[in-house]
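The structure appears right after this line, and notes come after that.
The values are calculated or read from the model by the stated rules, or taken from the named source; none is laboratory data. All values derive from a computational prediction rather than experimental measurement. All Cβ positions, glycine included, derive from the backbone under ideal geometry; neighbour counts span all protein chains shown.
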Amino acid sequence: MSAHTASGSVRIEHLVTSGTFSLDGGTWEVDNNVWIVGDDREAIVIDAAHDADAIAEAVGSRRLVAIVCTHAHDDHIDAAPALAERTGAPILLHPADTDLWKRTHPDRAPDGELADGQQVAVAGVELTVLHTPGHCHGAVSLYAPALGTVFTGDTLFQGGPGATGRTFSDFPTIVESIRERLLTLPPETAVRTGHGDSTTVKEEAPHLSEWIAQGQ
């Protein structure tokens, strides 16, 4: 999807990287969605997962404005410091995920904080930070109305909420985040997720009552 702005054509690019996710004593093989939003001059990366070289190659010669972390599970942030060192871009994370971040990068803090309502601008398009806890304390989504898109990390997937069976997570909280922050967006909004296929608000909204019932 793309949008034409005064600075040119803004587009969403998609890269899948592979690696592992480890937490609470377990390790799993995972494929992660890396999203790049920008034009021919500048871009942001949403979730620098697994492969800094592949992500840097996809960014190319563009200025990387920021590396935005939807949350601090290791599979979403493992390549962030290397990508930041390579590009000079700041790493941005919600402070409620600081403890989780330190489990992966104890000697390298993020460069800046994300806050609910904050806007991250790139190539004339603004992405609004929505704090959507539940999958973990500092989980955020990024809503880009000009692109008709919300990037939900691991908060909302095609078919339901993200996992909540591990440390720092809570099922009723994630359902409330989805109900209040995501399903209130326009129905046609594309939901671009941290893993797997994209969906839309319209496709997921009918299932809300089922998720609420599961959390009671």
Anything in region 112-131 that is assigned to a loop (DSSP other than H, G, I, E, B) and either of a type in the set (S, T, N, Q) or under 13 Å from the mean Cα position of the chain (by Cα) (or both)? List them, or say none. LEU114, GLN118
For PRO106, work out the one condition from (1) under 30 Å from GLU210 (Cβ atoms); (2) free of Cβ contacts under 8 Å to residues at least 40 places away in the same chain it doesn't fulfil. (1)
Determine which single condition VAL30 fails, assuming it passes every other condition in (1) under 15 Å from the mean Cα position of the chain (by Cα); (2) closer than 22 Å to ASP197 by Cα; (3) of a type in the set (A, V, I, L, M, F, W, C). (1)
In the list ASP31, ASP53, ASP47, ASP39, which residue meets the criterion of being modelled with pLDDT of 95 or more, surrounded by 21 or more Cβ atoms within 10 Å (Cβ to Cβ) and not hydrophobic (A, V, I, L, M, F, W, C)? ASP47
What number of residues in region 179-200 are β-branched (Val, Ile, Thr) and within 14 Å of the chain's Cα centre (by Cα)? 2
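Here's the yes/no breakdown for (1) modelled with pLDDT under 95; (2) over 24 Å from ILE12 (Cα atoms); (3) hydroxyl-bearing (Ser, Thr, Tyr):
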{"position": "THR104", "(1), (2), (3)": "no, yes, yes"}
{"position": "GLY112", "(1), (2), (3)": "no, no, no"}
{"position": "ALA123", "(1), (2), (3)": "no, no, no"}
{"position": "THR128", "(1), (2), (3)": "no, no, yes"}
{"position": "GLY196", "(1), (2), (3)": "no, no, no"}
{"position": "ILE212", "(1), (2), (3)": "yes, yes, no"}
{"position": "GLN216", "(1), (2), (3)": "yes, yes, no"}
Tally, over region 59-111, of residues that are of a type in the set (Gly, Ala, Ser) and assigned to a strand (DSSP E or B): 1
I'd like to know if region 64-80 contains one or more residues that are surrounded by fewer than 20 Cβ atoms within 10 Å (Cβ to Cβ) and small (Gly, Ala, Ser). no
Mind listing whichever residues of region 159-194 are surrounded by 19 or more Cβ atoms within 10 Å (Cβ to Cβ), touching a residue at least 40 places away in the same chain (Cβ under 8 Å) and in a loop (DSSP other than H, G, I, E, B)? PHE168, LEU185, THR189, GLY194
